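Only one structure is covered here, and it is reproduced in the block below.
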Amino acid sequence: MKRVISLVVAAAMTAGFLTGCGSSGTQGGNAKTEAVKEEPKTEESKEMDSNEEKPKAEGADGKTVKITYLSRFVNPELVRAGYYIEKLNQFRGENPNIEIEDISIGDDSEAFKAKINAGVASGDLPDLFIANNGFPLDQWVENGLVADLTEVVKSPDWTGPSSDEMLEAFTFGGKVYGVPNALNTGQVFVNTGLLKEHGISEVPRTWEEIEAMAPALNEAGIVPFGVAAKSKAEVGRFISALSCMMYGTQFRDQLADASIKWDGEEGMALAKQFKAFIDEGVLDPDAVSFEVQDTISLFEQKQVAMMYTAAYHFDRFQQMDFSDDIVCVNFPSFSDRPENKDIWIASASEGFMISSKPGTPEYDAACSLLSFMLSADTFKGYAERNGGGAFPVDFDFDLSQAKNVVGSFMEEFSKRTASTDEFTAYLNNASLVDTTRSEFQSLFVGRSPEEVCRTLAEQYAKEGR
């Protein structure tokens, strides 16, 4: 699991470069991805031909093999989902002897989680499915629920994510049990046109600026800063970014080694600051009622001026009628702590896992689909469709093709001084991840910071922290 603080990302380093992992040749005006980490570390590059024909999986007798597939790609009208639905259908066409039952679940994160948990309880997980560190991955490994993919990602035919940094969240006991399907950054989408309509000509970069503009926006019925607080993942990302702006990465490290407690000074200050944003009207007091897509819709309806969310949703913002007015910036900092302003949240802790048993036709078929969906060619195709972005593999990308929203993100992300996953990712404890997010959600429904921190301190203590 996550111990080393290091990430690799695809974003503009200079006018002509992206950052990423792995290796590939640089050509003309194309961008070449290259490793970027919080602490420099040499990594051997590998050149692979992603166009090489891969063996097709089928039963020993040549009969059709059936596998189940659970992703988050459901709505074909969304660029990302639509692209991966197309890729799934392409794979089906190229592999007629593999029958894929697509049981994917889209926006409803709780329904998705329930589906996974039901599969764990029954011992019948999908053959190939998406999971993240919000689940007890280490327990799944210990109980033999997921397959060892080490040989798959070390194969010379493999062109997907392969660096230790990218596989870190799915590595247990030196073996790989999952592969990231994205590099997920957190960024603020800003409707500059809406702000200008209300006399705000500069993009707010600090919480003090946002607090100052909040009363006027509230008066106009506009939420200054949107967060989809019904989603525990969104709350977790928000409080992690907030902790970085308050304490740098020190809060993350001290919480991980149990040198601070939630009912101590730092934990209380974090909870009180979050609650203050709710009470001041900076955040919508009703945000806990809204999922991500709901909040994005409010942004599109110009009822939300700024929104912090994951990179998964770039396509939604780029499809908006006023996309030319949308820019991406990092999470707001505090004016008295400028040294923290360029720390970004970036995670490679969501990816595909396989439950099929090695040596079975289902395992071979699932590995074939995994290799296809997470190939460098597949990621590159999505980058071209999306107009840029952040990815866990390396490929050349023509920066002139970057769309305005993603392009502004790439420019901003290039200024980062450090990248980190959410602080809960370093606890190696799925129960505490869920508890932490749930307790902060409760600040929207009347719980006090003192109550939240007391509960968290008790729960962490029960887990030996």
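The values are calculated or read from the model by the stated rules, or taken from the named source; none is laboratory data. As the structure is a prediction and not an experimental result, all values here were calculated from the model. Cβ sites come from the backbone with ideal geometry, for glycine too, and all protein chains shown count toward neighbours.
Residue by residue, here is whether (1) among the aliphatic types (A, V, I, L, M); (2) assigned to a loop (DSSP other than H, G, I, E, B) holds:
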{"site": "A212", "(1), (2)": "yes, no"}
{"site": "A228", "(1), (2)": "yes, yes"}
{"site": "R252", "(1), (2)": "no, no"}
{"site": "D263", "(1), (2)": "no, yes"}
{"site": "A271", "(1), (2)": "yes, no"}
{"site": "F274", "(1), (2)": "no, no"}
{"site": "T295", "(1), (2)": "no, no"}
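Name the single residue, out of those in segment 151-169 being in a helix (DSSP H, G or I) and at pLDDT 95 or above, that is nearest to the chain's Cα centre (by Cα). It would help to see each step written out before you state the result.
Taking segment 151-169 as the starting set, the residues that turn out to be in a helix (DSSP H, G or I) are 151-154, 164-169.
When the remaining residues are screened for being at pLDDT 95 or above, the result is 151-154.
On the way: E151: 25, V152: 23, V153: 21, K154: 24 Å.
Looking at the filtered set, the residue picked out is V153.
D421: surrounded by fewer than 17 Cβ atoms within 10 Å (Cβ to Cβ), more than 25 Å from D127 (Cα to Cα) and touching a residue at least 24 places away in the same chain (Cβ under 8 Å), yes or no? Spell out the reasoning first.
On the way: surrounded by fewer than 17 Cβ atoms within 10 Å (Cβ to Cβ): no; more than 25 Å from D127 (Cα to Cα): yes; touching a residue at least 24 places away in the same chain (Cβ under 8 Å): yes.
Here the answer is no, as D421 does not meet what is asked.
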Any chance V406 is in a helix (DSSP H, G or I), of a type in the set (A, V, I, L, M), at pLDDT below 95 and within 21 Å of A169 (Cβ to Cβ):
no
Small (G, A, S), free of Cβ contacts under 8 Å to residues at least 40 places away in the same chain and out of contact with any His (no Cβ under 7 Å at 6 or more places or on another chain) - does that describe any residue in segment 124-142?
no
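Looking at segment 99-118 only, could you name the residues that are in contact with a Pro (Cβ under 9 Å, 6 or more places away or on another chain) and either under 23 Å from A229 (Cα atoms) or in contact (Cβ under 8 Å) with a residue 60 or more places away in the chain (or both)? Steps first, answer last, please.
Quick first cut of segment 99-118, residues in contact with a Pro (Cβ under 9 Å, 6 or more places away or on another chain) only: 101, 103, 115-116.
If the condition is that a residue be in contact with a Pro (Cβ under 9 Å, 6 or more places away or on another chain) and either under 23 Å from A229 (Cα atoms) or in contact (Cβ under 8 Å) with a residue 60 or more places away in the chain (or both), then K115, I116 are the ones that fit.
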Name the residue that is surrounded by the fewest Cβ atoms within 10 Å (Cβ to Cβ), counting only residues in segment 102-150 that are among the hydrophobic types (A, V, I, L, M, F, W, C), within 20 Å of the chain's Cα centre (by Cα) and assigned to a loop (DSSP other than H, G, I, E, B).
F135
Every residue from segment 343-399 that is under 20 Å from I130 (Cβ atoms), at pLDDT 95 or above and assigned to a strand (DSSP E or B):
I345, G351, F352, M353, I354
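How about segment 186-210: which of its residues are under 23 Å from Q441 (Cβ atoms) and in a helix (DSSP H, G or I)?
The first filter runs over segment 186-210 and keeps only residues under 23 Å from Q441 (Cβ atoms), leaving 186-189, 207, 210.
Of everything in segment 186-210, those that are under 23 Å from Q441 (Cβ atoms) and in a helix (DSSP H, G or I) turn out to be W207, I210.
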Run down G174, G193, G199 and say which single residue is surrounded by fewer than 18 Cβ atoms within 10 Å (Cβ to Cβ), outside the structural domain of P285 (by TED's automatic domain parsing) and modelled with pLDDT of 95 or more.
G174
I need the full set of residues from segment 252-273 which are in contact with a Ser or Thr (Cβ under 9 Å, 6 or more places away or on another chain) and crowded, with 21+ Cβ neighbours inside 10 Å, in order please.
R252, L255, W262, L270, A271
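Collect the residues in segment 143-154 that are within 18 Å of F372 (Cβ to Cβ) and without any contact (Cβ under 8 Å) to a residue 40 or more places away in the chain, keeping them in residue-number order.
If we filter segment 143-154 for residues that are within 18 Å of F372 (Cβ to Cβ), which is where we start, we get 147, 149, 151-154.
Within segment 143-154, E151, V153, K154 meet the criteria.
Scanning segment 230-250 for residues that are of a type outside the set (V, I, T) and in a loop (DSSP other than H, G, I, E, B), which turns out surrounded by the fewest Cβ atoms within 10 Å (Cβ to Cβ)?
Restricting attention to segment 230-250, the residues satisfying the condition of being of a type outside the set (V, I, T) are 230-234, 236-238, 240-248, 250.
Adding the requirement that they be in a loop (DSSP other than H, G, I, E, B) leaves 230-231, 248.
Working: K230: 20, S231: 27, G248: 17.
Among those that are of a type outside the set (V, I, T) and in a loop (DSSP other than H, G, I, E, B), it is G248.
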